[in-house]
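Sharing a structure, written as structure tokens. Questions coming.
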Amino acid sequence: MISRETHLCMRRKLFACSASSRALRWLFVVSLLVVSLACLSCSSYKSSSTTPPPISVSVAPASASVAVNQMKQFTATVTYDSQNMGVTWSLSCTGSCGLLSPSSTANPITYTAPANVPNPATVTLTAKSNADTTKTGQATITVVQSSTPNITNLNPTSGPVGTPVTIAGANFGATRGTSTVTFSGTAATPSSWSATSIVAPVPSGATTGNVVVTVGGVASNGVPFTVTSATAMPAFINGQRQVSTFIGRGTGAATAGCDNNTENASGNYLFCLADASLAGNAIIAACVWDTASVGVVTMADDGSNAYTPMFVTPPNDASRTIQIWLAANVAAQTHQLELAFGSKPTGIQCGAYQFANVATASLNCGQTSASGTGASLAAGSFAPAANNCLIFQLGVTDLAPSGTWTAMSSPVFTLQDASPREGFAVQTFVQGTAAAVNPTLTVSSSNAWVTAAVALKSGNSGGAPTGMYVRHIAQNALVGSKSTYTFQFPCSGNLVVVAFNGNTGESLSAVTGTNPTSNYTQVGSGVVGGEGIQQIWRSPDNIACTQNHTITISGTTITLGDVMFYDVTGAAVSSLDSTLAIDSGDQGPFSSPLKAALITPNSNDGILFCTAGIADNGSNSFIPTGYQDNQDENNGWGHFHYTSASAIQTSWGTDQRQAPGGVGPYSDACAAFKSATAH
């Protein structure tokens, strides 16, 4: 039998064992919870590592302003694109959005804005993931007008130095300020400037290359311009007008010299240039005659040059007929021209004019003519066919005297010839652009008139003489039985020589000028012979002659005489180079040439001017070989270029135009004038 103490002891042990067991059971439960939680955490980790995160796309920059026609680069960034499949780009807007390059899948991409700002001005640039097409990134582009200067075109795209070039474009600025224009790096001087257009002549020294406009230090795009060789502008070289005044030649007259034998029905009309031609120049012959049936009319010269009449039907009115002839690219040393008619009319007067830089082929730029009554001789509006055409206008009036001639002032023509008494004038102008023009000469008294104008293309041909030469010569008749005569003499040189030839007992005592005001000086005392008196006068030294120059001669009453005016360029400031050389006599038996004055210049370079009067027969040439300026029934004028300070024996070729006998009484005078380069 178990004792009570033993029983109690056993119960206490059992209780302790039970408590221990319960503790173990709770420990187990707690451990199980911990393990379970740990397993749950592990399960969650395994699930996260096997499912990738979503792809995202972004574009940088996210926004930008891009000027028209300008470029901007954009870059797309794609996250979690494990296969690196990139993006595809696209544009969206209203209207023209611009361009993407080099391809729609490139990254980065280059965007080029359109030429014009769309409306609205926003363009959306989208980068779409190629791995997940639902994923995109975007950039917002605002297209703006450019602040960078931009050239769109040039007009013209080629030309020589001095050519005005119109530069069209944008963002040039309203005013020039410090902005510049360069032709292949050479700075130009613009003549006009606006935000969209600049006009700048091609600068000297420019070569073929790009034209660039720089505004605020920012350079435009370059546009190519080709610099070509310059086409020289047509230029007046010299001219001479002659008029016949005395009785006709006899049957023994020779057809030589510039003799103006208009009254001889069987002879041709001979007239001359002021100085011989230079090779390649052009000669314009302008003539007038009384309107009549004249048959075939032709023009020729001593250089075998071909002349083209500029009008198929010569312009005319009831009283006067005119014609203009042209010979281009002439031979050197042409001097004498010859006008021939099928049936010779009366009232013939011609001028011969030489020009440099006239085209040698396809040179007709147009022509126009008109007739009317009044003080304005308007040839009629026409537009020359090309830029830089030479416009030549001849105007004649029916009655004389016709008053003072005036050249057109807008555009500015130059008066090259003017005779109020003969009602004859010539003006010229180089028309820079092929724009309409109405050549108009003005005369101070109303009259019936006829006029014609021709336009000739420019070209690099011929040239101007060097040194001292004669620019203008004009013969004027003194037949009004007056003691004072006033003539217009357009001139441009620095010396004017007046050679007078009149009847015995009729002489000049003064010669004066206007524009500029000038008092002429007589060289020596002249000479008096059996055939009148010869005198030579000269302008003040280094005169600045103008197209509006007038010359007044005064003296005894002059019933019958002539005066020749010479406009000379390249003369020395103190130009007189000799005393007056004179000669006179009576040559009984006929012989030719007639030996005349012997003259010795002081210098080695200059021009000799002579005049002669012959009583019974006439002169037809001037010797030494120089230039006969006019020979008529009794009088002769000539000039000669000398190149040494040696004695010069002058002579006159003569013919038996009035009588079969000798030359008869004669007298002559010569004076020498030196060039600016003489020594």
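The values are calculated or read from the model by the stated rules, or taken from the named source; none is laboratory data. This is a predicted model, so every value here is computed, not measured. Quick reminder, even Gly has a Cβ in these numbers, built from the backbone with ideal geometry, and neighbours come from all protein chains shown.
Within the range 201-210, which residues are assigned to a strand (DSSP E or B) and either within 14 Å of Gly162 (Cα to Cα) or hydrophobic (A, V, I, L, M, F, W, C) (or both)? Reasoning before the result, please.
Let us first name the residues in the range 201-210 that are assigned to a strand (DSSP E or B), namely 201, 209-210.
Residue satisfying the conditions is Pro201 alone.
Between Gly403, Gly395, which is of a type in the set (Gly, Ala, Ser), touching a residue at least 12 places away in the same chain (Cβ under 8 Å) and closer than 30 Å to Ser461 by Cβ? Working first, answer last.
Values: Gly403 fails: closer than 30 Å to Ser461 by Cβ.
Gly395 is the lone residue from the list that is of a type in the set (Gly, Ala, Ser), touching a residue at least 12 places away in the same chain (Cβ under 8 Å) and closer than 30 Å to Ser461 by Cβ.
When only residues in the range 533-557 that are touching a Gly at 6+ places or on another chain (Cβ under 8 Å) and within 21 Å of Leu598 (Cβ to Cβ) count, which is surrounded by the most Cβ atoms within 10 Å (Cβ to Cβ)?
Out of the qualifying residues, it is Gln534.
Can you tell me which of Ala510, Ala435, Ala448 is within 30 Å of Thr360 (Cβ to Cβ) and in contact (Cβ under 8 Å) with a residue 12 or more places away in the chain?
Ala435
Kindly list, by first and then second residue, each pair from a residue in the range 112-140 that is without any contact (Cβ under 8 Å) to a residue 24 or more places away in the chain to a residue that is of a type outside the set (Gly, Ala, Ser) and not in a loop (DSSP other than H, G, I, E, B), limited to pairs with Cβ atoms under 8 Å and residues at least 6 apart or on different chains.
Ala121/Thr142; Ala121/Val143; Ala121/Val144
Can you name the residue in the range 66-94 that is under 47 Å from the mean Cα position of the chain (by Cα) and not β-branched (Val, Ile, Thr) and, of all such residues, is farthest from Ile151 (Cα to Cα)?
The selected residue is Lys72.
Kindly list the number of the only condition in (1) within 25 Å of Val66 (Cα to Cα); (2) out of contact with any strand residue (DSSP E or B) (no Cβ under 8 Å at 6 or more places or on another chain); (3) of a type in the set (S, T, N, Q) that fails for Thr196.
Only one criterion in (1) within 25 Å of Val66 (Cα to Cα); (2) out of contact with any strand residue (DSSP E or B) (no Cβ under 8 Å at 6 or more places or on another chain); (3) of a type in the set (S, T, N, Q) is unmet by Thr196, namely (2).
Continuing with this model, one more query. Of all residues in the range 462-493, which are surrounded by fewer than 23 Cβ atoms within 10 Å (Cβ to Cβ) and farther than 30 Å from Leu508 by Cα?
Gly463, Ala464, Pro465, Thr466, Gly467
Is it the case that the range 541-564 has a residue that's more than 18 Å from Asn501 (Cα to Cα), assigned by TED's automatic domain parsing to the domain that holds Ser667 and of a type in the set (Gly, Ala, Ser)?
Looking through the range 541-564, at least one residue is more than 18 Å from Asn501 (Cα to Cα), assigned by TED's automatic domain parsing to the domain that holds Ser667 and of a type in the set (Gly, Ala, Ser).
A further question follows. Pull up the range 385-416, narrow it to residues that are surrounded by fewer than 24 Cβ atoms within 10 Å (Cβ to Cβ) and touching a Gly at 6+ places or on another chain (Cβ under 8 Å), then point me to the one that is farthest from Phe311 (Cα to Cα).
The qualifying residue farthest from Phe311 (Cα to Cα) is Pro401.
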